[in-house]
Amino acid sequence: MLEKLMPKSDEFFDDFDAQCAVTVEGARMLHALLSDYRDVATRVQALKDIEHRGDEVTHAAFNRLHKQFITPFDRGQIHSLLSRIDDVLDLTNAAAARLQYYEIQSSLPDATELARLLVQSTEKVREVVAALRLIKQPEQILAGVKEIKRLESQADEALRAGLGRLFKSGVDPLTVIKWKEIYDLIEMATDKCQDVGNVIEGVVLEHS
């Protein structure tokens, strides 16, 4: 009887999966916008709606964390994982919002490339997070974490190369400042993907 009354700890995995799903959706929307730059206001608002949905998922998960007695692993690690996944979508939304706020008239290839790497990073995060349910089979998870780190390194290089081209482009300084901030936000989102990977790596090494 007691077992039936106890909440299921795997509900947290459902929360993680839901977070990752909206995060991937947000990254794909940003990449689609930068790849086909039109209807900016409408598409930025759609991404903002996705970000709000992600916030709702995260809020519900935090409430569960505070109330639930059984957790699949350390509460601090769960909190960090929820927070870092939320950060990825927040930064993705922030980058998209700047496109509208700053009245950016056309996209740049380097921004599109950074967004492409972000999509790949969020997809790999989703895959690795889903594999946490099989924490006693750590090889797949750790291989995924390694791939997240590789993608983050690629994004670092893409940022450096993109900024180099931006500074040499001859566009006005104000436009350079606007794009630099957008580039930085997208790259920071890939950094947060790596942070997710680092948390997961810690969980796996502790529990496998």
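The values are calculated or read from the model by the stated rules, or taken from the named source; none is laboratory data. It should be emphasised that the depicted structure is a prediction, and the values quoted were computed from it without experimental measurement. Positions of Cβ are backbone-derived with ideal geometry, glycine not excepted, and every protein chain shown enters the neighbour counts. Side chains included, ligands, DNA and RNA excluded: accessible areas come from the protein's heavy atoms. Shrake-Rupley method; radii C 1.70, N 1.55, O 1.52, S 1.80 Å.
Below, the figures for the structure above:
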{"read-out": "Segments 194-202, 33-41, 142-150 sorted - mean Cβ within 10 Å per residue, highest first", "value": "194-202, 142-150, 33-41"}
{"read-out": "Sparse-neighbour loop sites [chymotrypsin sites (Phe, Trp or Tyr not before Pro); the stretch 45-132; at most 14 other C-beta within 10 Å; DSSP]", "value": "Phe69"}
{"read-out": "Values of log10 I(q)/I(0), in the order q = 0.09, 0.17 Å⁻¹, for the stretch 86-208 under a Debye, Cα-only, solvent-free model", "value": "-0.29, -0.80"}
{"read-out": "Carbon + sulfur, % of accessible area of the stretch 55-140 - ligands and nucleic acids excluded, 1.4 Å", "value": "50 percent"}
{"read-out": "For the chain, alpha-carbon Rg over 2.2 N^0.38 Å", "value": "1.10"}
{"read-out": "Residue-normalised accessible area of the chain, given per residue in Å² at a 1.4 Å probe", "value": "50 Å²"}
{"read-out": "Helix-only mean residue ellipticity at 222 nm for the chain, each DSSP H run of n ≥ 4 adding -39500 (n - 2.57), per residue, nearest 500", "value": "-29000 deg cm²/dmol"}
{"read-out": "Candidates Val24, Val176, Val129: whichever shows maximal mean-square fluctuation once the chain is modelled as a Gaussian network with Cα springs under 10 Å", "value": "Val176"}
{"read-out": "Leading residue at positive end of dipole, the stretch 147-192 (Cβ point charges), from Ala161, Ile148, Tyr183", "value": "Ala161"}
{"read-out": "0 to 90° range, to nearest 10: angle between helix 173-207 axis and the chain longest Cα axis", "value": "20 degrees"}
{"read-out": "Kirkwood-Stokes translational diffusion coefficient of the stretch 1-118, alpha-carbon pairs, 20 °C, 1.002 mPa s, µm²/s", "value": "137 µm²/s"}
{"read-out": "Helix 75-101 axis, angle to the chain major axis (alpha carbon atoms, nearest 10°)", "value": "20 degrees"}
{"read-out": "Space enclosed by the convex hull of the alpha-carbon atoms of the stretch 45-87, per residue, Å³", "value": "56 Å³"}
{"read-out": "Whichever aspartates and glutamates have a C-alpha closer than 16 Å to that of Lys146, once near sequence neighbours (fewer than 8 apart) are set aside", "value": "Glu123, Glu127, Asp156, Asp191, Asp195, Glu201"}
{"read-out": "Label-point separation, Glu181 to Asp14 (7 Å along Cα→Cβ), nm", "value": "4.0 nm"}
{"read-out": "Between helix 109-131 and the chain: long-axis angle, C-alpha atoms, 0 to 90°, nearest 10", "value": "0 degrees"}
